[in-house]
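Scroll down for the structure; my scribbles are underneath it.
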Amino acid sequence: QVQLVESGGGLEQAGGSLKLSCAASGRTFSSYAMGWFRQAPGKEREFVAGISWRGGNTYYTDSVKGRFTISRDNAKNTVYLQMNSLKPEDTAVYYCAAGGLASPKGINPLNAWGQGTLVTVSS
């Protein structure tokens, strides 16, 4: 089973940028669709972005389209989330996930989660 470790979270001002990374262990990383989810205080975890196993297809929730970009480097077993034009409502714990198939609705089935990295956007 793949294990995931996120990094890159922190405090940023509104309008700024952050880049999250998710490093995966195991030799089967390239066979997984990957995604980013987030959970804000008092809210349910929501899908943010997903990418197919080869990186040819990407999907985003409407609130981040045009601002966030998901990408992956299978040679480095890493998936990224570039976040630009950050807004206070982007504040959340961001989780990396691995699974079978990426779609506009998320990743299904989900096979593994990271521990999360906190992103805080100040106004």
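The values are calculated or read from the model by the stated rules, or taken from the named source; none is laboratory data. Computed from a predicted model, the values in this text were never measured in an experiment. Because the Cβ atoms are built from the backbone with ideal geometry, glycine has one as well, and the counts that use them run over all protein chains shown. Side chains included, ligands, DNA and RNA excluded: accessible areas come from the protein's heavy atoms. Shrake-Rupley method; radii C 1.70, N 1.55, O 1.52, S 1.80 Å.
Things worth noting here:
- What separates the Cα centres of the range 18-47 and the range 65-90 is a distance of 10 Å.
- Dipole moment magnitude, nearest 20 debye, the range 32-71 about Cα centre, only Lys, Arg, Asp, Glu C-beta charged: 80 debye
- Three-way shape label, the chain, alpha-carbon gyration tensor, a/c 1.5: prolate
- Accessible area of the chain belonging to carbon and sulfur atoms, whole % at 1.4 Å probe: 48 percent
- Mean accessible surface per residue for the chain, computed with a 1.4 Å probe while every protein chain stays in place, in Å²: 52 Å²
- Set of lysines near K87 by C-alpha distance (under 28 Å), chain-local residues within fewer than 8 positions excluded: K19, K43, K65, K105
- Per-residue HN-Hα couplings for the range 66-79 [Karplus 6.51, -1.76, 1.60; θ = phi - 60°; Hz; x = Gly/Pro]: x, 10, 10, 9, 9, 8, 8, 10, 5, 5, 9, 6, 9, 10
- A protection proxy built from the mean count of other Cβ atoms within 10 Å ranks the segments 39-46, 99-106, 8-15, most packed first, as 99-106, 8-15, 39-46.
- Extension reserve of the S103-A14 stretch, reckoned as 0.36 nm per residue once the Cα distance is removed: 29.2 nm
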